[in-house]
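Working notes for the structure below.
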Amino acid sequence: MLHVDIQINKPYAVAATQPVFTVEARFDLKPGDCLGIMGASGCGKTTLLHNIAGLLMPASGIIQSDQQVWFDSKKAIKRPPWQRQVGIVFQDGRLFPHLDVQQNLVYGMPKRKISISMEEVIHVLDIGTLTKRKPGQLSGGEKQRVAIGRALLSQPAVLLMDEPLSGLDDALKQQVLPYIRKVITTFGLPTVYVSHVREEVTEIANEVLVLAQGQLRQPG
């Protein structure tokens, strides 16, 4: 279970009369749930994910994964990213170009006991034939499948996906979307999926919210 109830003070991207605007986010995600968040560029979607992951800190509130509190402004708890079990998939994949696919997959894989195995990830994402290739030898869709695999092998309690298909054309998006659905159903992680494309979000998520004027709202 992921519990989020936070207020974020987000700086404006350009000079303005006010130095920040406020983003408020409240939601609970059970295992296997996928929350889709839509919104225009600059509305705070990526900032929200970064606050959940610990890359940024909210102004106030609480973030909790199961019994582990990641952030609590009243109790002064601020766990850094490496103390949060979060897997993040970025827009550009961020694979290491000098490492092959298998080396990229195991990068950051913890030495402790694991619940998600390399074999499972390779099977679910159908990347077994890619393991010896370098990122420069992969298509855009293949790179994102590898990036998803790397996020899973970090053994996350929560999966965050920040517009992972934004750099792909429509044909490649349709190739990758079934894999994302399969990841969500197979591994059962609470997942937050951010995109500005309505059709993409509604195909992936079982609940969709729109981030606008600093508030998460039901569409329409």
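The values are calculated or read from the model by the stated rules, or taken from the named source; none is laboratory data. Please read all numbers here as calculations on a predicted model, not as lab measurements. So basically every Cβ, Gly included, is an ideal-geometry build from the backbone, and we count neighbours across all protein chains shown. These accessible areas exclude ligands, DNA and RNA; they are computed on the full protein's heavy atoms, side chains included. Shrake-Rupley method; radii C 1.70, N 1.55, O 1.52, S 1.80 Å.
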Let's see if you can work this out: charge +1 on each Lys and Arg Cβ, -1 on each Asp and Glu Cβ, no other charges. What is the dipole magnitude of the chain about its Cα centre, in debye to the nearest 20? 720
What residues qualify as long-range amide H neighbours of residue 21, i.e. H under 5 Å apart, gap of 5 or more or another chain, H built at 1.01 Å from N? 10, 12
Would you compute, from DSSP H runs of 4+ residues alone, the mean residue ellipticity of the chain at 222 nm, taking -39500 (n - 2.57) per run and dividing by the full residue count, rounded to the nearest 500? -8500 deg cm²/dmol
Expected vector for the range 108-118, Karplus 3J(HN,Hα) from phi with 6.51, -1.76, 1.60 and θ = phi - 60°, integer Hz, x for Gly and Pro, equals x, 5, x, 7, 5, 4, 10, 10, 10, 9, 4
Members of 113/143; 10/30; 10/78; 143/173 lying beyond 22 Å, as alpha-carbon distances in this model show: 113/143; 10/30
Order the following by accessible area, largest value first: 112, 79. Probe radius 1.4 Å; ligands, DNA and RNA are ignored. 112, 79
Which whole-number percent gives the relative contact order of the range 120-216, counting Cα pairs below 8 Å spaced six or more residues apart? 27
Describe numerically, in nm with one decimal, the distance between label points set 7 Å from Cα along Cα→Cβ at residue 22 and at residue 3. 2.2
Projected onto their principal axes, the Cα atoms of the range 50-207 stretch, largest extent first, over whole-Å spans of 49, 38, 27
How large, in Å, is the range 94-155 by the Kirkwood hydrodynamic radius built from its alpha-carbon pairs? 11.4
Could you order 70, 82 by accessible surface area, starting with the largest, using a probe radius of 1.4 Å? 82, 70
Phi-based couplings in Hz for the range 180-194 (Karplus 6.51, -1.76, 1.60; Gly and Pro marked x): 5, 4, 5, 4, 5, 6, 6, 9, x, 7, x, 10, 10, 10, 9
Roughly what angle does helix 140-153 make with the longest principal axis of the chain, taking Cα atoms, 0 to 90 degrees, to the nearest 10? 70
